[in-house]
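Laboratory data are not the source of any read-out in this text; all were calculated from the coordinates shown. For clarity, every value in this text was computed on a predicted model and none was experimentally measured. Cβ placement follows ideal geometry from the backbone for every residue including glycine, while neighbour counts extend to all protein chains displayed.
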Ligand SMILES: [Zn+2]
């Protein structure tokens, strides 16, 4: 019976459309029943990653780097349940930027965010060139899918029912975002101007603990620097194939401690004469290195190295490499203040 089958097909299309609408717009009533998703992994963020610096990883690598929720949304075009991912209320966050949680590409600023009532973070405008659009015909609709221009990660969709000035609504999954607050001017002046110094001196646990004890050091973080891979993991760096050194990035107050003093601590607390080795630790990741943040730091480090050599402070030649600072990738949280966490703070030498 042709008439009946036409009705059936029409009904089927209607049902599919309704499902599509539920998925796209979200239902407030389901909010309380859906569990909260895991928070995104904490990774180092940079404000000025060029979009051209594309991040291409294999599926296995993405699986390793992302939480299951991030992987489903970013790499499998999934949609998180509405009202679950955080970031949905405009007022919860101050000034800052929402970055791609897959690759740290800055995507939207807080002043383009608005409360859409959908349960997903909504923005009327992305940062120029930071997102890409692609037509999506799933759920019987034609929608514009939004991707991160750097890693290709699926972020959400864009609709033309947003507010002025663009009239667009970028409906983005919260798990694909990481919010980076802009430091308040008062915060910056209260803390005084700080500077950074980065050193590689073998296993970074002990190096971090040493620098944390130096008066004038505001903060110290362990991480990876000087290699080729973007966002390396501890396992990547341990393979010694990525070229990264285990480093400590020190934030210090130059009015309280000089860079020379930090260099002294650096040279006194490791053996700068053993190439790619510190005690039992072998490999280029354990190399002795100074990553200079300014030409002045570099000149100071080079002058000091020459002076130590001429004064014959070490029995063998110093092999410390002095190079310009590169991107610092903070190590996984469990490596931060590791010795302190393990109650081994004084066992690093
Ligand atoms: Zn991305």
Modelled FRET efficiency - R0 41 Å, residue 241 with residue 164, Cβ distances, 0.05 increments
0.20
Run the numbers for residue 341 and residue 139: contour at 0.36 nm per residue of separation, minus the present Cα-Cα distance, in nm.
67.8 nm
In whole Å and largest first, what semi-axes does the C-alpha gyration tensor of the range 212-349 yield when each eigenvalue is scaled by 5 and square-rooted?
22, 19, 16
Residue 310-residue 234 FRET efficiency (beta carbon distance; Förster radius 45 Å; 0.05 resolution):
0.75
Hey, rough spin-label estimate for residue 76 and residue 182, points 7 angstrom out along Cα→Cβ, what's it come to in nanometres?
3.7
So for R0 = 22 Å, FRET eff. of residue 260-residue 319 from the Cβ-Cβ r, to 0.05, ends up at 0.60
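I need 316, 143 ordered by Cβ neighbour count within 10 Å, fewest first.
316, 143
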Take peptides 270-279, 97-106, 224-233 and line them up by average Cβ neighbours within 10 Å, highest first, as a rough protection proxy.
97-106, 224-233, 270-279
